[in-house]
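This report concerns only the one structure given below.
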Protein chains: 2
Amino acid sequence: MAVFPAPQSRPTGVSRYLPVLHWGRQYTKDTLVSDLVAAVIVTIMLIPQSLAYAMLAGLPPEMGLYASVLPLVAYALFGTSRALAVGPVAVVSLMTASAVGAITAAGSADYVTAAITLAILSGLFLVVLGVFRVGFIANFLSHPVISGFITASGVIIAASQLKHILGIKAGGENLYLLATSIFTHLGETNLLTLAIGVGATVFLFWVRKGLKPLLTGMGIRPRLADLLAKAGPIGAVAVTSLLAWGFDLGQAGVKLVGAVPQSLPPLGLPSFSLDLIAQLAGPAVLISIIGFVESVSVAETLAAKRRQRIDPDQELIGLGAANIAAGLSGGYPVTGGFARSVVNFDAGAETPAAGAFTAIGIALATLLLTPFLAYLPQATLAATIIVAVLSLVDFSILGRAWRYSKADFAAVAATILVTLGFGVELGVSTGVALSLLIHLYKTSRPHMAVVGQVPGTEHFRNVLRHKVVTDDAILAVRVDESLYFANARYLEETLCAMAAERPAVRHVVLIGTAINEIDFSALESLEAINDRLKARGVTLSLSEIKGPVMDRLKHTALLEHLTGKVFLSHFQAVEALGGRLEPRSRPVAA
Amino acid sequence: MAVFPAPQSRPTGVSRYLPVLHWGRQYTKDTLVSDLVAAVIVTIMLIPQSLAYAMLAGLPPEMGLYASVLPLVAYALFGTSRALAVGPVAVVSLMTASAVGAITAAGSADYVTAAITLAILSGLFLVVLGVFRVGFIANFLSHPVISGFITASGVIIAASQLKHILGIKAGGENLYLLATSIFTHLGETNLLTLAIGVGATVFLFWVRKGLKPLLTGMGIRPRLADLLAKAGPIGAVAVTSLLAWGFDLGQAGVKLVGAVPQSLPPLGLPSFSLDLIAQLAGPAVLISIIGFVESVSVAETLAAKRRQRIDPDQELIGLGAANIAAGLSGGYPVTGGFARSVVNFDAGAETPAAGAFTAIGIALATLLLTPFLAYLPQATLAATIIVAVLSLVDFSILGRAWRYSKADFAAVAATILVTLGFGVELGVSTGVALSLLIHLYKTSRPHMAVVGQVPGTEHFRNVLRHKVVTDDAILAVRVDESLYFANARYLEETLCAMAAERPAVRHVVLIGTAINEIDFSALESLEAINDRLKARGVTLSLSEIKGPVMDRLKHTALLEHLTGKVFLSHFQAVEALGGRLEPRSRPVAA
């Protein structure tokens, strides 16, 4: 059995906010080599992805490249994950298209400005969350909701790319509109485009599934084979670009990427308008939180494998800085991507410097490779996107949630259906709202068990589940939930009704073993219960109240006016209230 | 000590939805007399209040009377409280003014139509909640938020009536706008109006505080004295109307109520528009929920005194029916009023029939008394409102919440400040949102205690609070919270970090005594924890998992892949994992 090495030391002071100061000091030549190798591999993977996701977002291809330069440097300075690769990702690109598309038409200058503004707003929001350490609000997104949302987004993204594979014009921000639009324009399909699109898709699926076994069969080491397989998309880009150039496919109606400016990312603030900011604030919040949740789960999964530590609040600052950098350099919202982070990790990235080196790689590409991109068919990019997002689609979450809990299933199903039917923003909002409602509903009617004594012991158990003895004069109730505003009224109603239904009861004892908190609403309800029972000559006592809960109750009017007492153990309570504690021959079953 | 009579039988079948079938069968002559007496007294109290609250809502005075006829009959048929007196109330009238005023100007025909539409929408919403038995959503409103909201509304209402006391034109939907508007127009004060307004206010305060002692001093029975004091407002109405008529005060610039149509409530549907419905849907939901929460608390307080039972879901239907009736008979949103329900109860109302008799009283008033109302000064109505709402204002909730919990204080304070500063709708929404956020925040970082054995016992306690013994190879953690999406990620991070910080640990045991639920997000986190610990050669076990939680876990992948076991008691867990259980000389303190 493995014995742990000493845990990694935790950064403090300035290096908490600038983790580079922490890992930078321990940087060696070996680390440099590892990071450089990883950077080369991620760069090769990132070039086609950046172009493709920019297209998905409805933006010019160079914006995808710009979003893969400075943001990576910013994350390298401020982020805490050693393997996370940030940049444009599929779901955030779709959300950008949805948010910006609601304001202005794709292709216009306003559209670009809005996307840049969205990046800066998301960045600022993330930084604010990080500085005030309120990253907990990401917890609003439950696992099932985020899984459902990503699955549904994957379907929409794949469907949205069919038009590029078919070479037709079509659009729509939900599945129904997309499908009808594609069906209407099906007759306009360009067969050459279709051939390239289908060819590229099949090739990329084969690369993903079949290339690695082939290469290892040829005697290549599995790890190298794996990395070569990741370079598949760049191969598809090169081959289809050459075909388009050689056969002049652009003239034959195949849509190509066209001229891409051959320059480094332009620096500067976009021209803001308060109006635009007001319109984009809501989507920026959603994009930030979804990007953060996706990114931090990847970062934590990878960190766990190497016993490293992620600081979620600092991650907010790292991702925030990356998005601000994207906005200041002509990019659009970015976050940590799952596939490319895994590649980065597997390729041996040891520090965030690998990300900075990747940024240099992409910067070189914007200077040197852009002339060749003019001949790249859009269908190839669409194929890249489809193959990438279909790995995100996983409807099995529906089955697993159904088997475990119908309530969780309802939240996932609603998220998927609303995302598919009404778009991403309403989809994720519905999921969050429904999860909250379900949680409130479940805790609003807590399980309340009447308990009796297990004969001959000091233990008390549910009278419905165990053979126990009870005393008709004492009603002992264990509430299996913290008492707070969502169940305060229910507690009052139910406890008073339980007492009213048992005419012989003279003492009610509330058992606090499962009560982790009593908020002010519940305190007022307890006071009301005390008064209502008192009016009928019944006392109210408490037993087994936890330390922190008792600390808070100490100086309240409730304890002052309590008609009964507070007992440390329920056994003491029953003893003091004169309950018959001996095991008797009459076990009460209900 | 009192012995309870047998509890009231519960209605079933049709009489669940139509409680009148239940209590109607037991109706006797004695009950009739009691109900009639109560009805006369409530009628006398309700006439000036109905006129005053209609004025507060910006509506013609007769709409207040209409809202006090059919809605009372509808509630008598469908409601479950035997003492609740429904009709126009202060807070709901203010919310009506705010909602309708945001759409159209007071005094217009559209304004009246909107108020009627609002009543119907609120009614339908309440009925739907009741039929689907989802009244639990009223739990979103915590005690502190509703107290803060009512207090702030009381202040705004009182301030809004100052213009009538001064005889000037002024307005504004938050305190700042109201205050500046009043200040600007202060020079236009009408001194005669001021004299009547101040005189009526002082008289009504004296009636409330001083009349009862005076009457009892004169040998009148306390209960009768109390009821006579409640008739104070009708006295003020009569005296000031006579003064206005005798001295022709209308000519001297004193604003009078003016001509009121002398007719029964008009029946009929208002002319709806989908646009209007869309604009009013949000406010209708807020008004319904606030009206319901206010009303049901009054109903429950009174029912408790007589060992009667309120069915909250049926109350939704009762209040919904009352609001639909209001909308169909030219009224505006209604709910159960606190003061008048107490009067109804004290006057001896025994069944909801008292409400129906009150409706007859008000209907007679609309036919016979309306000519006399023409001379009633608006300042008198304003005085009635001010005296009534100031009894709702109770800032002590701030102090009590502060002493008990800073989090609850924040929710109350925010509700009061936002209501005063930005109006009722934003105020109550802020309170609800903040309560939810606070609840999520509190449960998102649950208390997690490392426990050790109390020497010589089978008990395990927090190592930080007790002298206990631990085994370095076993990390036993008790989580004091249900595990759900808000804390699933935190649990994963924290538990794995705790294990990582203790190099000698080979077994982690999660103790479930305070875990009332594990949702699907938490299940996935537990699977992740199991995997992450497994990667380091550490096992994960569970102990003392509650019955309902275990039932759900049984057929999951978690239990299939769990590296450790599930133990009934934590003592068994430590024993089975080879922990040193004997008391030792080395108690671990941290």
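The values are calculated or read from the model by the stated rules, or taken from the named source; none is laboratory data. The structure presented is a predicted model; accordingly, all values stated were derived computationally and were not measured. Note: ideal-geometry Cβ built from the backbone for every residue, glycine included; neighbour counts use all protein chains shown.
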Hey, does the range B:419-429 have a residue that's at positive phi and either in contact with an Asp or Glu (Cβ under 7 Å, 6 or more places away or on another chain) or surrounded by fewer than 20 Cβ atoms within 10 Å (Cβ to Cβ) (or both)? yes
Could you go through the range B:518-533 and let me know if any residue there is over 22 Å from A:Gly399 (Cβ atoms) and small (Gly, Ala, Ser). no
Pick from the range A:68-94, criterion within 16 Å of the chain's Cα centre (by Cα), in a helix (DSSP H, G or I) and not β-branched (Val, Ile, Thr), ranking: farthest from A:Asn344 (Cα to Cα): A:Leu94
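Scan A:Gly537, A:Gly512 and give me the residue that is within 8 Å of chain B (Cβ to nearest Cβ) and among the small types (Gly, Ala, Ser). Walk me through how you get there before you give the answer.
On the way: A:Gly512 fails: within 8 Å of chain B (Cβ to nearest Cβ).
The conditions single out A:Gly537.
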Of the numbered conditions (1) without any contact (Cβ under 8 Å) to a residue 60 or more places away in the chain; (2) part of a helix (DSSP H, G or I), A:Gln161 fails exactly one; give the number of that condition. (1)
Out of (1) away from chain B (no Cβ under 14 Å); (2) farther than 22 Å from A:Leu280 by Cβ; (3) of a type in the set (A, V, I, L, M), the odd one out for A:Val145 is which? (1)
Could we say that A:Val450 is more than 30 Å from A:Gly64 (Cα to Cα), away from every other protein chain (no Cβ under 14 Å), of a type in the set (Val, Ile, Thr) and in contact (Cβ under 8 Å) with a residue 24 or more places away in the chain here? yes
Failed item, numbered, when A:Arg532 is tested on (1) more than 24 Å from B:Arg465 (Cβ to Cβ); (2) at pLDDT 90 or above; (3) basic (Lys, Arg): (2)
Out of A:Leu369, A:Leu392, A:Leu437, which single residue is touching a residue at least 60 places away in the same chain (Cβ under 8 Å) and over 30 Å from A:Thr31 (Cβ atoms)? A:Leu392
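Whether any residue in the range B:168-175 is over 17 Å from B:Leu381 (Cβ atoms), in contact (Cβ under 8 Å) with a residue 24 or more places away in the chain and among the acidic types (Asp, Glu) is what I want to check.
If we filter the range B:168-175 for residues that are over 17 Å from B:Leu381 (Cβ atoms), which is where we start, we get B:172-175.
Among the residues that remain, those that are also in contact (Cβ under 8 Å) with a residue 24 or more places away in the chain are: B:173-175.
With among the acidic types (Asp, Glu) added as a condition, the list becomes B:173.
So far as the range B:168-175 goes, yes, one or more of its residues are over 17 Å from B:Leu381 (Cβ atoms), in contact (Cβ under 8 Å) with a residue 24 or more places away in the chain and among the acidic types (Asp, Glu).
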Can you report the number of residues in the range A:183-199 which are of a type in the set (A, V, I, L, M), in contact with a helix residue (DSSP H, G or I) (Cβ under 6 Å, 6 or more places away or on another chain) and modelled with pLDDT under 90? 0
Taking the range A:406-418 as the region of interest, how many residues are of a type in the set (Val, Ile, Thr) and either without any contact (Cβ under 8 Å) to a residue 40 or more places away in the chain or surrounded by fewer than 22 Cβ atoms within 10 Å (Cβ to Cβ) (or both)? 1
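Quick one: would you say B:His466 is within 11 Å of chain A (Cβ to nearest Cβ), assigned to a loop (DSSP other than H, G, I, E, B), under 21 Å from A:Arg400 (Cα atoms) and of a type outside the set (Phe, Trp, Tyr)? Can you show your working first?
Numbers: within 11 Å of chain A (Cβ to nearest Cβ): yes; assigned to a loop (DSSP other than H, G, I, E, B): yes; under 21 Å from A:Arg400 (Cα atoms): no; of a type outside the set (Phe, Trp, Tyr): yes.
So B:His466 does not fit the description; no.
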Filter pass, A:Glu458 being within 11 Å of another protein chain (Cβ to nearest Cβ) and either closer than 19 Å to B:Ala138 by Cβ or surrounded by fewer than 21 Cβ atoms within 10 Å (Cβ to Cβ) (or both): no
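Enumerate the strands (runs of 3 or more DSSP E) found wholly within the range A:473-590, keeping only those where 2 or more residues are over 46 Å from the mean Cα position of the chain (by Cα), surrounded by 22 or more Cβ atoms within 10 Å (Cβ to Cβ) and among the basic types (Lys, Arg).
Working: elements: A:474-479, A:507-511, A:539-543.
Of the strands (runs of 3 or more DSSP E) lying wholly inside the range A:473-590, none has at least 2 residues that are over 46 Å from the mean Cα position of the chain (by Cα), surrounded by 22 or more Cβ atoms within 10 Å (Cβ to Cβ) and among the basic types (Lys, Arg).
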Residue, surrounded by the fewest Cβ atoms within 10 Å (Cβ to Cβ), within the range A:200-238, restricted to residues that are out of contact with any helix residue (DSSP H, G or I) (no Cβ under 8 Å at 6 or more places or on another chain) and under 19 Å from A:Ala52 (Cα atoms): A:Val202
Would you pick out the residues in the range A:408-431 that are modelled with pLDDT under 90 and aliphatic (A, V, I, L, M)? A:Val424, A:Leu426, A:Val428
Residue that is surrounded by the fewest Cβ atoms within 10 Å (Cβ to Cβ) [pool: residues in the range A:95-139 that are modelled with pLDDT under 95, small (Gly, Ala, Ser) and under 18 Å from the mean Cα position of the chain (by Cα)]: A:Ala138
Helices (runs of 4 or more DSSP H) enclosed by the range B:188-275 - at least 3 residues per element that are within 22 Å of B:Arg340 (Cβ to Cβ) and touching an Asp or Glu at 6+ places or on another chain (Cβ under 9 Å): B:222-230
Quick check on this structure: which one of B:Glu492, B:Glu425 is within 11 Å of chain A (Cβ to nearest Cβ) and charged (D, E, K, R)? B:Glu492
Where B:Glu481 falls short, out of the listed (1) in contact with a Pro (Cβ under 6 Å, 6 or more places away or on another chain); (2) among the acidic types (Asp, Glu); (3) free of Cβ contacts under 8 Å to residues at least 24 places away in the same chain: (3)
Could you tell me whether any residue of the range B:393-409 is more than 14 Å from chain A (Cβ to nearest Cβ) and aliphatic (A, V, I, L, M)? yes
Going through the range A:439-462 in order, the residues found to be modelled with pLDDT of 90 or more and over 16 Å from A:Ala514 (Cβ atoms) are A:Gly452
Checked A:Ala299, A:Ala278 against criteria (away from chain B (no Cβ under 13 Å) and either in contact with a Gly (Cβ under 9 Å, 6 or more places away or on another chain) or surrounded by fewer than 18 Cβ atoms within 10 Å (Cβ to Cβ) (or both)); the one match is A:Ala278
List pairs: first in the range B:574-585 and within 16 Å of B:Val505 (Cα to Cα), second at pLDDT below 85 and part of a loop (DSSP other than H, G, I, E, B), Cβ under 8 Å, 6+ apart or cross-chain? B:Val574/B:Leu581; B:Glu575/B:Leu581
Of the residues in the range B:311-348 that are surrounded by fewer than 24 Cβ atoms within 10 Å (Cβ to Cβ) and β-branched (Val, Ile, Thr), the one that is farthest from B:Val89 (Cα to Cα) is B:Ile324
